1. Is it the case that some residue within segment 23-33 is under 21 Å from A155 (Cβ atoms) and among the small types (G, A, S)?
2. I'd like the residue in segment 100-116 that is without any contact (Cβ under 8 Å) to a residue 24 or more places away in the chain and part of a strand (DSSP E or B) and, out of all such residues, is surrounded by the most Cβ atoms within 10 Å (Cβ to Cβ).
3. Go through (1) free of Cβ contacts under 8 Å to residues at least 24 places away in the same chain; (2) within 19 Å of Y156 (Cβ to Cβ); (3) hydroxyl-bearing (S, T, Y) for S66 and report which single condition fails.
4. Only one of K45, K71 is free of Cβ contacts under 8 Å to residues at least 60 places away in the same chain, surrounded by 17 or more Cβ atoms within 10 Å (Cβ to Cβ) and among the basic types (K, R); which?
5. What residue, among those in segment 117-130 that are touching a Lys or Arg at 6+ places or on another chain (Cβ under 9 Å) and buried (at least 19 other Cβ atoms within 10 Å of the Cβ), is farthest from Y156 (Cα to Cα)?
6. Kindly indicate the residue of segment 78-97 that is open to solvent by less than 60 Å² (accessible area, probe 1.4 Å) and either touching a Phe, Trp or Tyr at 6+ places or on another chain (Cβ under 7 Å) or modelled with pLDDT under 95 (or both) and also farthest from V129 (Cα to Cα) among those meeting that condition.
7. Please enumerate the residues belonging to segment 146-171 that are at pLDDT below 75 and either of a type in the set (V, I, T) or open to solvent by 80 Å² or more (accessible area, probe 1.4 Å) (or both).
Amino acid sequence: RKHMMGTDSIFGEGITIFKDKIYQLTWQSHIVYVYDVNNIDKPVKTFNWPYEGWGITNNGTDLIISDGSAKLYFVNADDFRLKSTIRVSENDSPVYSINELEYVDGFVFANIYQSDKIVKIDPSSGQVVAKFEFGEALKNRFKSTDRTDYFNGIAYDSATKKFLVTGKRWPKMFEL
């Protein structure tokens with residue numbers, strides 16, 4: 001039996017766990033599904049999201065969402081009201097394709113889609129305070145196929161204090 005998190009018609013772009021709820025952002029469906037953390041059989045609530053969904057995380061107070069632009073949106077989790085927006089920039093230039101978000105120790109870490117970069121963003125100013133470039137270093141550690149795609153996955157394990165990174169249809173995940 002399939003539930004909403006597993007249907008072919010919904011492209012789940014990311015999830016975050018916030019106050020015993022799982023918020024599942026969809027890429028182009030403009031829907032955010034909310035599940036009880038103890039039961040993902042069916043959503044307890046849905047919200048409309050007017051933009052594409054590229055990444056979602058939270059800072060303990062607000063949900064933080066990206067839409068592929070140079071913006072980060074801060075959203076109230078209870079009613080999905082937009083609280084604020086910041087522009088992500090590096091040396092006064094906007095940083096586009098903000099994707100795949102993780103909030104760690106007061107900063108937002110994001111993959112830049114179609115690149116081998118992760119940026120560390122100060123969420124109060126939108127400034128990129130650090131950049132990590134992987135080049136082909138990770139991709140050279142496994143055999144690529146014609147389906148192997150972009151570097152595009154970042155997760156943080158708070159227990160080990162390590163990041164896990166991967167790419168679309170990569171056969172491996174790397175611990176940093």
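1. no
2. Applying the filter and picking the extreme gives I112.
3. (1)
4. K71
5. Filtering first and then ranking leaves G126.
6. F80
7. D146, R147, T148, Y150, R169, P171
The values are calculated or read from the model by the stated rules, or taken from the named source; none is laboratory data. Note that this is a predicted model, so its numbers are computed, not measured. Backbone-built Cβ (ideal geometry, glycine too); neighbour counts: all protein chains shown. What goes into the accessible areas is simple: the full protein's heavy atoms, side chains included, and nothing from ligands, DNA or RNA. Shrake-Rupley method; radii C 1.70, N 1.55, O 1.52, S 1.80 Å.
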